[in-house]
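Okay, structure first, notes after.
The values are calculated or read from the model by the stated rules, or taken from the named source; none is laboratory data. Since the model is a prediction, treat every value here as computed from it, not as a measurement. Here Cβ is always computed from backbone atoms with ideal geometry, including for glycine, and neighbour counts include all displayed protein chains. In case anyone asks, the SASA skips ligands and DNA or RNA and just uses the protein heavy atoms, side chains included. Shrake-Rupley method; radii C 1.70, N 1.55, O 1.52, S 1.80 Å.
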Amino acid sequence: MRIAESELIINDDSSVFHLHLKAEELADTVILVGDPSRVEMVSSFFDTIEFKRQSREFVSCTGSYKNKRITVLSTGIGTDNIDIVMNELDALANIDFKTREPKKEHRTLTILRIGTTGAVQEDIPIGSYIFSHISIGCDGLMNWYANRDSICELDMEEAFVKHVNWDKKLPAPYFIKASQKLIDKFSDCTVKGLTISASGFYGPQGRVLRMPLAMPNMLELFESYRFNGYKVTNFEMESSAVAAIAAHLGHEAGTVCCVIANRHLKSSNPDYKAKVKELVALSLDRLTD
């Protein structure tokens, strides 16, 4: 099946439209970060660097760490950007840009998002690392794709909707599990995460400045949800789309975050960069062991 030029836009230099990466420049292991400046921090750990690219908020660098080739790429904020990033990474891996047809042999990427997050349980201290075993997509993104139920934890989803009395005007949430391979790599050094992946930073995460919330008690309801040993641990804004698109397209993906605020305790640590750097070092070691 040939993919039309309007559906997959390829730049004149044979790079993919938004990321400006070429197929040969993409490593099998990919680290995603939100902040473009964090690409330089991650790549500072590399033993060698092949190249750097920049297009809009999408800054990338491919190099090696402990003899393993790794690409680090910034996504910006939100699942809308993750939709772009994940689809274009898969296109680089699994579509022949010359023929515009899917490749016969599937290439599987290992994709880890490293970010920051706000905890919602009082027993999760600032500075902790949370790996999102399951993400609750409150962004609505995956509802635009067919067969979303086939990759979702439907029992958890149904129980959550009932528990919080989900407002029908909001996008239907979806529950998606991360790669078991990555969960296992981080199980001994991170909190088991059930993560709210929100579509915004303020209202969608229960913050009130000058606009009231559609669900005024959402934080209390989220915090009190329980299902088969899981409880909601944290808010962030990308993990659901990373895990869900990867599951649809046959990649290994997950999200690990450093806690820089606790919403229950109403506390935060603005000087969190050192802890994030420690998380990056830990993640690189786990990805290369």
> What is the magnitude of the charge dipole of the stretch 238-279 about its Cα centre, with +1 placed on the Cβ of each Lys and Arg, -1 on the Cβ of each Asp and Glu, and no other charges, expressed in debye to the nearest 20?
Replying inline: 240 debye
> Taking the stretch 3-160, how much of its Cα-Cα pair set, in percent, is spaced more than 20 angstrom apart?
Replying inline: 58 percent
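Below 8 Å between Cα atoms, with a sequence gap of 6+, how large is the relative contact order for the chain in percent?
Relative contact order comes out at 23 percent.
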> Which value, in Å² and to the nearest 10, is the accessible area of residue 51 when all protein chains are kept and the probe is 1.4 Å?
Replying inline: 20 Å²
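What size of dipole, in debye to the nearest 20, comes out for the chain about its Cα centre when the only charges are +1 on Lys and Arg C-beta atoms and -1 on Asp and Glu C-beta atoms?
It works out to roughly 360 debye.
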>> Which residue fluctuates most in the GNM of the chain (Cα springs below 10 Å): 139, 123, 80?
In response: 123
> Can you pull out the trypsin sites (Lys or Arg not before Pro) in the stretch 98-177 that DSSP calls coil and that have at most 10 other Cβ atoms within 10 Å?
Replying inline: 98, 104, 168, 169
> Dimensions of the stretch 174-221 along principal axes (Cα, Å, largest first)?
Replying inline: 42, 21, 18
> How would 128, 224 rank on accessible area, largest to smallest, probe 1.4 Å?
Replying inline: 224, 128
> Cα-Cα pairs above 26 Å in the chain: how many percent?
Replying inline: 42 percent
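Based on DSSP H runs of at least 4 residues, each adding -39500 (n - 2.57), what is the mean residue ellipticity at 222 nm of the chain after dividing by all its residues, to the nearest 500 deg cm²/dmol?
Numbers: 7 runs with 74 residues, N = 289.
It comes out at -7500 deg cm²/dmol, rounded to the nearest 500.
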> For residue 231, which aspartates and glutamates qualify as cross-link partners when the Cα separation must be under 20 Å and same-chain residues fewer than eight apart are set aside?
Replying inline: 122, 123, 139, 153, 155, 157, 158, 184, 188, 220, 223
>> If you fit an axis through the alpha-carbon atoms of helix 239-249 and take the longest principal axis of the Cα set of the chain, what angle between them do you get, 0 to 90°, nearest 10?
In response: 50 degrees
> Lys/Arg Cβ at +1, Asp/Glu Cβ at -1, dipole of the chain taken about the Cα centre: which of 94, 73, 258 is farthest positive-ward?
Replying inline: 258
>> What would the Debye equation give as log₁₀ I(q)/I(0) for the stretch 81-153 at q = 0.14 Å⁻¹, counting only Cα atoms as equal point scatterers?
In response: -0.69
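May I ask you to compute the full-extension gain from residue 28 to residue 273, defined as 0.36 nm times their residue separation minus their alpha-carbon distance, rounded to one decimal in nm?
85.5 nm
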> Based on Cα positions only, what radius of gyration and what Dmax would you give for the stretch 244-289, in angstroms?
Replying inline: 14.5, 39
> How far, in degrees from 0 to 90, does helix 154-164 lean away from the longest principal axis of the Cα atoms of the chain, to the nearest 10?
Replying inline: 40 degrees
> Roughly what angle does helix 273-287 make with the longest principal axis of the chain, taking Cα atoms, 0 to 90 degrees, to the nearest 10?
Replying inline: 60 degrees
>> Please compare each pair in 52/273; 68/185; 192/273; 169/275; 22/104; 104/277 to a cut-off of 27 Å on the Cα-Cα distance and tell me which ones are over it.
In response: 169/275; 104/277
> Within the accessible area of the chain, what % is carbon and sulfur when the probe is 1.4 Å and the other protein chains stay in place?
Replying inline: 50 percent
>> Going 7 Å from the Cα of residue 56 along its beta-carbon direction, which residues of the stretch 15-45 have the amide nitrogen within less than 17 Å of the resulting point?
In response: 15-22, 33-37
>> Probe of 1.4 angstrom, ligands and nucleic acids ignored: what's the accessible area per residue over the chain, in square angstrom?
In response: 47 Å²
> Considering only DSSP states other than H, G, I, E and B, which GluC sites (Glu not before Pro) in the stretch 49-130 qualify as loop sites with at most 10 other Cβ atoms within 10 Å?
Replying inline: 105
>> Give me the dipole magnitude in Debye, nearest 20, for the stretch 86-137 about the Cα centre, with unit charges on the beta carbon: positive for Lys and Arg, negative for Asp and Glu.
In response: 340 debye
> How do 20, 251 stack up against each other in accessible area, from largest to smallest, with a 1.4 angstrom probe?
Replying inline: 20, 251
> To two decimal places, what compactness ratio does the stretch 33-80 give when its Cα radius of gyration is scaled by 2.2 N^0.38 Å?
Replying inline: 1.12
> Hey, what do the phi angles of the stretch 21-37 turn into as Karplus ³J(HN,Hα) couplings, whole Hz, using 6.51/-1.76/1.60 and θ = phi - 60°, x for Gly and Pro?
Replying inline: 9, 9, 4, 6, 8, 9, 7, 6, 10, 10, 10, 9, 10, x, 7, x, 5
> Looking at the square roots a ≥ b ≥ c of the eigenvalues of the Cα gyration tensor of the stretch 32-121, which shape do they give, rounded for a/c under 1.5, prolate if a/b is larger than b/c, or oblate?
Replying inline: oblate
